[in-house]
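For reference, the structure is listed below as structure tokens.
The values are calculated or read from the model by the stated rules, or taken from the named source; none is laboratory data. If you're wondering where the values come from, they're calculated on a predicted model, not measured in any experiment. Quick reminder, even Gly has a Cβ in these numbers, built from the backbone with ideal geometry, and neighbours come from all protein chains shown.
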Protein chains: 2
Amino acid sequence: MSVISKETQRLLATGSTLRDMFEEGKRLAKQYGRENIYDFSLGNPNTPVPEELNDAIRQVLDEYDSLTLHGYMSNPGFEDTRQAIADNLNERFGTNFAGKNICMTVGAANAIVIALKILLDPGDEVAVFAPFFLEYRNYISNFCGVTTVVPPNPPTFMPDMDALRNTITEKTKAIIINTPNNPTGVVYDEQTIRNIAAVLEECQEKYGHPIFLISDEPYRELIYDGLEYPFLTKYYANTMICYSFSKCLSIPGERIGYLLVPDEAAESQDILASTANAIRAVGCVNAPSLQQKAIMKVLNARSDTHIYDRNRQLLVSILHEAGFEVANPQGAFYVFVKTPVPDDKEFVSYAKDNYRIIISSGAAFDCPGYIRMAYCVEYAMIEKAKDSIIKLGKDYGLN
Amino acid sequence: MSVISKETQRLLATGSTLRDMFEEGKRLAKQYGRENIYDFSLGNPNTPVPEELNDAIRQVLDEYDSLTLHGYMSNPGFEDTRQAIADNLNERFGTNFAGKNICMTVGAANAIVIALKILLDPGDEVAVFAPFFLEYRNYISNFCGVTTVVPPNPPTFMPDMDALRNTITEKTKAIIINTPNNPTGVVYDEQTIRNIAAVLEECQEKYGHPIFLISDEPYRELIYDGLEYPFLTKYYANTMICYSFSKCLSIPGERIGYLLVPDEAAESQDILASTANAIRAVGCVNAPSLQQKAIMKVLNARSDTHIYDRNRQLLVSILHEAGFEVANPQGAFYVFVKTPVPDDKEFVSYAKDNYRIIISSGAAFDCPGYIRMAYCVEYAMIEKAKDSIIKLGKDYGLN
């Protein structure tokens, strides 16, 4: 019998398909030369970090006493940082948050884990929409919760309301949504948000208890075609916003984000008070202190999302020319492509072996029959990959 | 019925006694003036951060490309940081670690949580020695594990081997030890470590499976009286070291530490491979990237522990003069004091109400009948508190 827990054994056996492709990409780059492979596998921001951030770090090193800058604060974070974020959101979205509505976290993933820690008793269910970031399942199973899956809704990948209604049961404590979406790049429009809110209201009524909408929104600012982001707390009271500065500032390694709970949410004051207990209980204690102080100085800074938009337009046009069916990607830095054969893993291998194109299997997002391409890459690489992508489509009779 | 999970409700009801005392201290400081209260409640490092750390942060901002410095790396951390830590340990302790034995974590708490995530199936037991840092219980219950408690062993608070043997059952997957200890300040000597290892070997044999020794050692370098630290992996193969740079560099807000698993541990390679899955699953992804790069430049830097030692000597001499019974504190920055009445909470209130002395109840460490005083405070405050501490003892007939 192994000393390792059953769940960790399962994780070890399945690994992270995404991370494995990343390692495979590194291996192929060594074998063939970085310039001869087309790696679309990992969602790693590649637009420059705004110079303001490093300037802000240098400033806080000079401004603060070191024991304050690197020291403990209240578990939910420095009060001035939380207030600055609330003010910034209020200004941008017309909301009315105070610093106390926010708990600084070790990225959006930590925010989701804290939300689940607060909500879940063993056996409680959390619904997610396929395709989804598979770590959600692991976050939920930490606390002996159960993941239930709303089936995919191709070709638009906008959530289907009947499917949502059928997935929610009396045990459902929350659903997780992610818009702009990983892996599809789809952005939920305002009507979709209204529809989700209506189904949740209806199910709350039916089952007699609150159902939380946990919104994973690290890609909130990566949005194109002039779309506006419908800020979720305006549409549904029982919302928990999980945000990360990873994507808007290209700093995913720093692990800085927040959990936001509006006053109008059920038991909001107890939930907010519980963030302090929960962030300690999950072993984080608080978000990294220096980054909290630096971030508050650069809340309007952005890495250059036009770079992603330009990549998106080129890649989508190439995929269309090659004959592939693509979900309409209006956010994040992903496109989700229907594979011309049902077995997406076979397609992934074929693309890698014949064209050194590295992509992620849809099965890694609980959605076989599709693949994900991440376009946070060099524009020149996409240009250079064009012929190979066209040939790949040709091999499958798409052009 | 509340939307909040039963465990979070329990945490909300009990709160963190330690944090509550901290808030109470802040309230009293406002009421009476900071200079008129004697706050010994919180274990917050107060010796200056070594200037080398801020210099190292400035250096890495200049040296690295921002996307690398603030970006994703392999989940267990930058390879050069891990190798530098392994080399540093090998040099100091005569060990033989490689970078692959180390996973960088969001502090020691995160390292413990990752270790538990890897080991625990629901219902598995983890034994802890009272008095102990009560968050251990929360870390364990995250994964539906069960905490079993080895009763306190006053007046030395060195672990009692029969009590340990009686607490371990066939369901015990691990024990947690913490030396130098919070709250007692006691440092386990080499013979005690050998004894613990012998009991664990005996129990492994009896129950037919490995039992891990999870060592929580943020205070490893805060050790006085010329003591040497017995590095645990030399005494017991199935050891997991959970370290934090919080105390040795006075940077608890930054959340940077590591989990170390030696090659000789059971299934060590699978456990090490699982750290990548576990740090993602608990929502951290990786330790903060900039701090990883800065830390590796200052592995021999230390905040000035002589300041703590001087405080310790003064406080212990005052407590002795006042007639209190004190466990022999040779490490960390705590003394653990027997209360002259069985009800330690009553004593805590009496000291606060009559002398504005803020201390922590032993009940907050599962050890009623004692109180903890943290001496990471100003030396002058201890001097000024002397008369009040003597009078407090006098009130209870101790002098």
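Just the residues that are part of a loop (DSSP other than H, G, I, E, B), out of contact with any helix residue (DSSP H, G or I) (no Cβ under 7 Å at 6 or more places or on another chain) and surrounded by fewer than 22 Cβ atoms within 10 Å (Cβ to Cβ), please, taken from the stretch B:301-329.
Matches in the stretch B:301-329: B:Arg302, B:Asp304, B:Glu325, B:Asn328.
Would you mind stating whether B:Val187 is surrounded by fewer than 22 Cβ atoms within 10 Å (Cβ to Cβ) and within 30 Å of B:Lys247 (Cα to Cα)?
The answer is no for B:Val187.
If we keep just the residues of the stretch A:275-290 that are facing chain B (nearest Cβ under 7 Å) and of a type outside the set (Gly, Ala, Ser), which is farthest from B:Arg10 (Cα to Cα)?
That would be A:Leu290.
Would you pick out the residues in the stretch A:116-160 that are within 11 Å of another protein chain (Cβ to nearest Cβ), in contact with a Pro (Cβ under 9 Å, 6 or more places away or on another chain) and on the phi < 0 side of the Ramachandran plot?
A:Pro122, A:Phe133, A:Phe143, A:Gly145
Quick one: would you say A:Val113 is within 14 Å of chain B (Cβ to nearest Cβ), over 17 Å from A:Leu213 (Cα atoms) and buried (at least 22 other Cβ atoms within 10 Å of the Cβ)?
Spelling it out, it is not the case that A:Val113 is within 14 Å of chain B (Cβ to nearest Cβ), over 17 Å from A:Leu213 (Cα atoms) and buried (at least 22 other Cβ atoms within 10 Å of the Cβ).
Please go through the stretch B:232-257 and give me each residue that is touching a Ser or Thr at 6+ places or on another chain (Cβ under 6 Å) and more than 11 Å from every other protein chain (Cβ to nearest Cβ), ordered by number.
B:Leu232, B:Thr233, B:Thr239, B:Ile241
So which residues in the stretch B:94-110 are more than 8 Å from chain A (Cβ to nearest Cβ), in a helix (DSSP H, G or I) and either buried (at least 24 other Cβ atoms within 10 Å of the Cβ) or of a type in the set (S, T, N, Q) (or both), if there are any at all?
Scanning the stretch B:94-110 gives B:Asn101, B:Ala108.
How many residues are within 11 Å of another protein chain (Cβ to nearest Cβ) and either assigned to a loop (DSSP other than H, G, I, E, B) or under 21 Å from A:Ser250 (Cβ atoms) (or both) if we restrict to the stretch A:17-51?
14
Spot the failing condition for A:Met73; the list is (1) facing chain B (nearest Cβ under 8 Å); (2) at pLDDT 95 or above; (3) not in a helix (DSSP H, G or I), and only one is missed.
(2)
Would you check which residues across the stretch B:161-186 are more than 14 Å from every other protein chain (Cβ to nearest Cβ), over 17 Å from the mean Cα position of the chain (by Cα) and in contact (Cβ under 8 Å) with a residue 24 or more places away in the chain and list them?
B:Met161, B:Leu164, B:Arg165, B:Thr167, B:Ile168, B:Thr169, listed by residue number.
Could you grab me the full set of residues in the stretch B:258-274 that are more than 10 Å from chain A (Cβ to nearest Cβ) and either within 16 Å of B:Val113 (Cα to Cα) or under 18 Å from the mean Cα position of the chain (by Cα) (or both)?
Scanning the stretch B:258-274 gives B:Tyr258, B:Leu259, B:Leu260, B:Val261, B:Leu272.
In the stretch A:187-200, is there at least one residue being without any contact (Cβ under 8 Å) to a residue 60 or more places away in the chain and within 23 Å of B:Phe143 (Cα to Cα)?
Within the stretch A:187-200 (the criterion being without any contact (Cβ under 8 Å) to a residue 60 or more places away in the chain and within 23 Å of B:Phe143 (Cα to Cα)), the answer is no, since none of the residues qualifies.
Can you tell me which residues in the stretch A:205-256 are charged (D, E, K, R) and in a loop (DSSP other than H, G, I, E, B)?
A:Glu217, A:Arg220, A:Glu221, A:Asp225, A:Glu228, A:Lys247, A:Arg255
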